[in-house]
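Below is one structure, written out as C-alpha cells; the observations come after it.
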Amino acid sequence: MENQYCRVGAVTPITSGSHSIAVLQYRYENFLSKAMDANYMGTTLGEFFERKAQNIKKILEDLV
C-alpha cells in the first residue's frame, strides 16, 4: 500500500477565486437568515451570526 499525503488544514482564501463575490454574497445572506432565526429564539447565537455577516459585508464592500 502506498503512502498518501494530504494537506490537512490547507486553506484557500475565498477572495482569491473567480467566484469569490458570489460565494461571499451567499454566505452573507445565509448568516443573515440564521441571525434572524436565532434572534427570534432569543439566543446570543443570533449576535454571533450578525457579526459574521458584518465581517463578510466589509469584505464584499472592499471587493466592489
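What to note about this one:
- For region 2-17, the criterion of being modelled with pLDDT of 85 or more and out of contact with any Pro (no Cβ under 6 Å at 6 or more places or on another chain) is met by none of the residues.
- Here is the figure for region 33-45: residues that are in a helix (DSSP H, G or I) and surrounded by fewer than 17 Cβ atoms within 10 Å (Cβ to Cβ) total 7.
The values are calculated or read from the model by the stated rules, or taken from the named source; none is laboratory data. Since the model is a prediction, treat every value here as computed from it, not as a measurement. Please note: Cβ atoms are built from the backbone with ideal geometry, for glycine as well, and neighbour counts cover all protein chains shown.
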